[in-house]
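Reading through the structure tokens given below for one structure.
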Amino acid sequence: MEIIERSAAQIAREVNARTLSACDVTDAVLAHVEAVEGDVGSYVSVLHDQARAAAARVDERVKNGETLPLAGVPLAVKDNMCLVGTRTTAGSKILENWHAPYTATAVQRLLDAGCVPIGKANMDEFAMGSSCENSALGVTKNPYDLSRVPGGSSGGSAAAVAAFEAAIGMGSDTGGSIREPAAFCNLVGFKPTYGRISRYGLIAFASSLDQIGPLTRTVEDAALAYDAMAGKDPMDATSIDRAIEPTATTLRTDLTGVKIGIVKQFDTRELGDDIDHLYDKAYHDLQALGAELVDIELPTADYGLATYYLIAPAECSSNLARFDGVRYGMRVEGADVHEMYEKTRAAGFGPEVKRRILIGTYALSSGYYDAYYVRAQKARTLIARDFEAAFAQCDLIACPAASSPAFQFNAKSDPYSMYLMDYYTIPMSLAGLPALSVPCGWVTPAGGSSPMPMGLQLTAPLFKERELLSAAHAYENMTKHASAYRPSLERTPGGR
Ligand code: GLN
């Protein structure tokens, strides 16, 4: 297998054994990035020098006798995470030329574990979106069909890993931004329990929901990345001080004794015959692995979207107040300070970000606060309670990660149809639960020529990351859906 196609686990094994050097891996990946970036556009910045320097340091540490869990593994860092000295844009014009003064804890932990930062990955502006089309800094395409979106908001990280431009992509997930692009790009996308991974150095969108996690080509790689990133960080008061049980060493290959809940409210017949059959088959495969399927109810899950689209914009309107032309990034001069604020924000933010700020400011304004924001918080509690009740009957919940495969550019012209993409992922985010998407088969969309991947979402109770990854591993190991097709890049001019 070519170097660039190897999993993070394989690369680390070989670099630690010194049968392969981190420098050779990095050179191979950077050459490949050069060849395919024109087609895919995963990265906002490619970090040639930092990558080569980091690889040399990894080789040196290994030579000195250290064993690093992610030795030499090429990493794509979502561009809302700080890496000291590198441009960190959050996909926004307002931060187009802003350079991070320090490194995010999650990024630092991966670098300490041996990862090599290849580039900063494109994303929807401030992580608001489901297709990467809201980036102000470029277009990212789906490596499985270049006429389609990679998903979002972590679309650049997903495309990079799918196109072999990295083995681990870092994503952030507020309402689905790791799981949906993973589903669209044939990857594993894992959002841990809220608070498991430090948010220090992550540019905030909605602080009570934001969670960092990995996008990878295998479950084992997701587990390795999680093991390296998770754990209390004194720099993030919401990070959880709780023992981390290593997950990568305990992955199972069967589901004997595991009860899996199938959600009555998530009726896949509404998604069309092809997709319905695909999920039917996925649930049967879980059973074939030894799991017991039980019907469960999440009566308030349907309120997830409405709840999220009050809470997330409310938090974003407050978090994004800091981009005022004074402290960070772009400034457009005005006659006085108010005009300067206005002009800077008008020129710096894109239309979706402005929409969220308006909705959020409205929902928090006096007179409306109780009617919207407080009620949304109450609904959030009810949704979390539904999950608690469901988990009294089952160990994990299975459902789709997204309602369709990746769609074509400009297919979702009104904001609401884009918001609907996160219908299945938002309830878990509101409840803070760990959830992941794992490849579960392929469908050829009407009018499309390439089969496109779909994702199975598995959700676990709070802090049950180990059980979750274990089950996903058993499913991946039996079904092997991810390897059924390769990215269509090779067929395009300029591709490999
Ligand atoms: N698509 C959702 C939104 O736009 C979720 C984004 C995310 O998880 N960052 O808010």
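Data table
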{"quantity": "First in the stretch 359-372 and touching a residue at least 60 places away in the same chain (Cβ under 8 Å), second anywhere and aliphatic (A, V, I, L, M), Cβ under 9 Å, 6 or more apart", "calculated": "Y372/L310; Y372/A314; Y372/A363; Y372/L364"}
{"quantity": "Which numbered condition S157 misses (of (1) crowded, with 21+ Cβ neighbours inside 10 Å; (2) in a loop (DSSP other than H, G, I, E, B); (3) among the polar types (S, T, N, Q))", "calculated": "(2)"}
{"quantity": "Residue satisfying condition, being away from the ligand (no atom under 16 Å from the Cβ), outside any helix (DSSP H, G or I), modelled with pLDDT of 95 or more and more than 22 Å from the chain's Cα centre (by Cα), within set L255, L286", "calculated": "L255"}
{"quantity": "Strands (runs of 3 or more DSSP E) contained entirely in the stretch 390-496, each with at least 1 residues that are touching a residue at least 12 places away in the same chain (Cβ under 8 Å) and hydroxyl-bearing (S, T, Y)", "calculated": "435-443, 452-459"}
{"quantity": "N142 vs. criteria among the polar types (S, T, N, Q), crowded, with 24+ Cβ neighbours inside 10 Å and closer than 23 Å to Y226 by Cα", "calculated": "no"}
{"quantity": "The stretch 109-151, subset over 30 Å from D59 (Cα atoms) and assigned to a strand (DSSP E or B), residue nearest to the chain's Cα centre (by Cα)", "calculated": "N142"}
{"quantity": "Sole exception among (1) crowded, with 24+ Cβ neighbours inside 10 Å; (2) more than 16 Å from the ligand (Cβ to nearest atom); (3) outside any helix (DSSP H, G or I) for A223, by number", "calculated": "(3)"}
{"quantity": "Test result for D295, more than 20 Å from D395 (Cα to Cα), over 24 Å from the mean Cα position of the chain (by Cα) and more than 16 Å from the ligand (Cβ to nearest atom)", "calculated": "no"}
{"quantity": "Filter result (among the polar types (S, T, N, Q), in a helix (DSSP H, G or I) and touching a residue at least 12 places away in the same chain (Cβ under 8 Å)) within the stretch 1-26", "calculated": "N16, T26"}
{"quantity": "Filtered residue count, the stretch 170-220, keeping only those that are in a helix (DSSP H, G or I) and buried (at least 24 other Cβ atoms within 10 Å of the Cβ)", "calculated": "7"}
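The values are calculated or read from the model by the stated rules, or taken from the named source; none is laboratory data. Owing to the predicted nature of the structure, the values given are computational and were not obtained by experimental measurement. No Cβ is skipped: glycine too gets one built from the backbone with ideal geometry, and neighbour counts run over all protein chains shown.
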